[in-house]
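K.L.:
Quick one: the structure is below, questions incoming.
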Amino acid sequence: MNGNRWERQMRQLRQCSRGFGLIASLLALALVGACDDATGPASGGQAVSLSFAIGAGTPGVSPFLFGGALELSDGTNTLVIESAEMVLREIEFERVDDNACDVEIDDDDCEKFEVGPLLVALPLDGSVTQEITAQVEEGTYDEIEFDVHKIDSADPASAELIGARPDLDGISIKATGTYNGQSFVFTSDLNEEQEIELTSLLIIGPDAEPTNVTLTLDVTTWFRAVGGTLLDPATANKGEPNENLVKDNIKNSIEGFRDDDADGVPHDEDDDEDDSDAA
């Protein structure tokens, strides 16, 4: 099975999930601030939701989906990922050709949302989950910034989440599953701002319809050596030899794009398919 066939299967799974009403928010969190001064919701603008998916997978790699888990093989080793979770904080949309978000937190060209900590459970069944919705001012945006942020028990903002999930104290990413039949628990304290260029521009104009931005995280690449060999996730835990390699893999696995119908496919590609069907 090649990468294109895997992508088609993923799209079919997402469509089926929507049809049966399986796409839902995994954690309802209040949006406590938005926009230029990060103190309140934007006036006017357009509703933009933020969704998450696991992506189309690595070209040439065909993970086997079963029961909401991913099974990967490199011909010798077998890795089954049963759950993958990530904690996020501040989210910022940045306008085209403007770097003000990097230096001025209150600049008019930066849309900032205070959320979290937000726990995102990645949908390993191929669906797309919607986490938050907020108003974004008119403009053209080409980048989204957010913090992958470990939970800190000393932080009052983390108290509720830690109360519900004490296993997440001090970590930002957790994955579970089996490697060659042996159970593993992978955790990371990755604490870093991520700047993701949107592969499809987010254009917000007057009287525009609500839209969506999807972040995809290709978990099929997380636990792989440079040559593609699967790694035991336990060897990437804190202090283990593959810790930094897997952290880099995770950071490099993230993409973002405008995705109006929240199907995990970039808006521009949906338009191309519609044009092709019309022809």
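K.L.:
³J(HN,Hα) across segment 192-206 via Karplus (A = 6.51, B = -1.76, C = 1.60, θ = phi - 60°), whole Hz, x for Gly/Pro?
P.N.:
After applying 6.51 cos²θ - 1.76 cosθ + 1.60, I find 7, 6, 10, 10, 10, 6, 6, 6, 10, 4, 9, 10, 10, x, x Hz.
K.L.:
Give me the 1.4 Å probe accessible area per residue for segment 113-268, excluding ligands and nucleic acids, in Å².
P.N.:
Each residue of segment 113-268 exposes 40 Å² on average to a 1.4 Å probe.
K.L.:
Quick query: amide H of Gly55 versus all other amide H atoms, modeled in the peptide plane; which residues come in under 5 Å with a sequence gap of 5 or more or a different chain?
P.N.:
Excluding prolines and chain starts, which carry no amide H, the hits are Leu217.
K.L.:
Net charge within 12 Å of Pro206 by Cβ-Cβ distance, Lys/Arg positive one each and Asp/Glu negative one each, not counting Pro206 itself? Don't skip to the end; give the middle numbers.
P.N.:
Working: positive: none; negative: Glu137, Glu138, Asp207, Glu209.
Around Pro206, the surrounding residues sum to -4.
K.L.:
With Cβ to Cβ distances under 15 Å as the rule, what net charge do the other residues near Thr76 carry (K, R +1; D, E -1)?
P.N.:
Net charge around Thr76: -2.
K.L.:
Near Asn249, within a Cβ-to-Cβ distance under 10 Å, what is the net charge of the other residues, with Lys and Arg +1 and Asp and Glu -1?
P.N.:
After counting each charged neighbour, the total is +1.
K.L.:
May I ask you to rank Asp155, Asp169, Asp207 by accessible area, largest first, using a 1.4 Å probe over the protein chains only? Write down the numbers at each step before the final one.
P.N.:
Details: Asp155 40, Asp169 70, Asp207 155 Å².
Highest to lowest solvent-accessible surface, that is Asp207, Asp169, Asp155.
K.L.:
Right, another one. Given Cα positions, please report Rg to Rh for segment 116-230, the hydrodynamic radius being the Kirkwood one.
P.N.:
Ratio value, two decimals: 1.02.
The values are calculated or read from the model by the stated rules, or taken from the named source; none is laboratory data. Quick caveat, the model's predicted, so the values are computed rather than measured. Because the Cβ atoms are built from the backbone with ideal geometry, glycine has one as well, and the counts that use them run over all protein chains shown. In case anyone asks, the SASA skips ligands and DNA or RNA and just uses the protein heavy atoms, side chains included. Shrake-Rupley method; radii C 1.70, N 1.55, O 1.52, S 1.80 Å.
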